[in-house]
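Asks: Take this structure, written in structure tokens, and hold onto it; I'll ask about it next.
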Amino acid sequence: MMAMRSGESYAQARRQMLNDSWNGLPANLRTENQLIGRQELGCGAMVGILPRWDFSCTACYLGTGPNRTKPASMGEAKRQLFALRDYLGPGGILQLTDGEVT
């Protein structure tokens, strides 16, 4: 959720966050084709919570290794997500990824 100041609209808060993201990019990355800071804020982290698969997906490239990894406990997952929220700040983006519940 975006942190908005009193009287500030969602659009204004988003525009400010995009500007901050754009200004945080190295100068050589601020190009005409760069979307971060113009349309997207960028993903700050990718988090895998449940490393289990049933391997029925025909596009799967993984071996049996993921099914040997112990899933994070709910407490561990929450601690990781809260730490990322603190690190990424208001409006920070993370992607939850990993296997499937089978």
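Asks: Go through region 1-48 and give me each residue that's farther than 23 Å from Q95 by Cα, basic (K, R) and at pLDDT 75 or above.
Replies: Residue satisfying the conditions is R30 alone.
Asks: While we're here: Looking at T97, T69 in this structure, which one is exposed (fewer than 14 other Cβ atoms within 10 Å of the Cβ), modelled with pLDDT of 70 or more, out of contact with any Lys or Arg (no Cβ under 9 Å at 6 or more places or on another chain) and of a type outside the set (G, A, S)?
Replies: T97
The values are calculated or read from the model by the stated rules, or taken from the named source; none is laboratory data. Predicted model only: the values in this text are computed from it and were never measured. Positions of Cβ are backbone-derived with ideal geometry, glycine not excepted, and every protein chain shown enters the neighbour counts.
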